[in-house]
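Worksheet: the structure to be examined is printed underneath.
The values are calculated or read from the model by the stated rules, or taken from the named source; none is laboratory data. All figures in this text were calculated on a predicted structure; none of them were measured in a lab. Every residue, glycine as well, gets a Cβ built from its backbone with ideal geometry; the counts of neighbours run over all protein chains shown. These area figures cover heavy atoms from the full protein model, side chains too; ligands, DNA and RNA do not enter into them. Shrake-Rupley method; radii C 1.70, N 1.55, O 1.52, S 1.80 Å.
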Amino acid sequence: MLAGMSHVLKEEDLLAKTWSAQDRAEHALSVRESVEQTGNLRQRLGRLRARTDSVWERFVTLTLERALSGQLRQFLDEIDLETQESSQQLVELDCEIDRLRARVQERRRCLEEKITVLEPLAHRTSTQNHLSMMLARVEGLEAYLSGKQDAAPEAGETHDKRQTNVSSDLLYLRVRLLTTRIAIFASSRGKQISDCDTELVSLLPEIERLKADFAVLAARIDSMNELSRYWLAYLDIAVPEREP
């Protein structure tokens, strides 16, 4: 039973180190920062979308006019400068979105590790048995202390032996009670961590929407670049002179 007490002390120490007040504070800060970063990225992507839409509108409405007026090359150079700047901002945004998603996934992995540590401490399969055994020990001690059980030593059993049994029962009850308390705390903390994981999961759809919106903008800029190359190739074609 002393070995059992040693095991309980190790479990208490492990429980104290898992999902501590510092862990909870760090998680809350991480979630808050992730939410703020998601909102910031959404705003930046919105501004870039508005700018890209404006460039696209100019491109599709003015290209033919500039071609007919002989100002197409200058016009395409202006469009190219704007799309290059937008492309650079898109690359930066894409990297930040990926880092945000990786951060959320890493936080989820850390929570999963803590749940893995807490699960054995919850003693889900043995707690009910522990309660039943403790109840049986308490009933035996109650009978013994109330005199309902013969306290006189039996043949070959000394008074010291009887006292040792009582002490052993009390130690047993203490170990089992501590174990049960650890199981309750571990189960409760495991539930808290699961709720925190659910909170993180709720961030992922918005991050995926950011990636989808990014893909739309990237496709639009790629389309402008492709069409610009087409028009530049058109300008580079030498127009043959007509024979007299």
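Structure above, values below:
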item: From W56, W19, residue being aromatic (F, W, Y) and over 30 Å from L171 (Cβ atoms); result: W56
item: Filter pass, R42 being in contact (Cβ under 8 Å) with a residue 60 or more places away in the chain, more than 17 Å from N225 (Cβ to Cβ), open to solvent by 60 Å² or more (accessible area, probe 1.4 Å) and of a type outside the set (V, I, T); result: yes
item: Residues of region 138-171 satisfying the condition of being at pLDDT 55 or above and open to solvent by 80 Å² or more (accessible area, probe 1.4 Å); result: E139, E142, L145, K148, L170
item: Failed condition for C110, given (1) under 20 Å from S202 (Cβ atoms); (2) open to solvent by 70 Å² or more (accessible area, probe 1.4 Å); (3) free of Cβ contacts under 8 Å to residues at least 24 places away in the same chain; result: (2)
item: Per-region count, region 59-76, residues open to solvent by less than 80 Å² (accessible area, probe 1.4 Å) and not in a loop (DSSP other than H, G, I, E, B); result: 10
item: Extreme residue, modelled with the highest pLDDT, among residues of region 16-34 that are open to solvent by 60 Å² or more (accessible area, probe 1.4 Å) and touching a helix residue (DSSP H, G or I) at 6+ places or on another chain (Cβ under 9 Å); result: E33
item: Residue match in region 196-207 (condition: of a type in the set (D, E, K, R), more than 14 Å from L72 (Cα to Cα), modelled with pLDDT under 95 and open to solvent by 80 Å² or more (accessible area, probe 1.4 Å)); result: yes
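Every residue, every condition in (1) surrounded by 13 or more Cβ atoms within 10 Å (Cβ to Cβ); (2) among the small types (G, A, S); (3) under 30 Å from L62 (Cα atoms), yes or no:
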| site | (1), (2), (3) |
| --- | --- |
| L177 | yes, no, no |
| T180 | yes, no, no |
| G190 | yes, yes, no |
| F214 | yes, no, yes |
| A218 | yes, yes, yes |
| D222 | no, no, yes |
| L227 | yes, no, yes |
| W231 | yes, no, yes |
| I237 | no, no, yes |
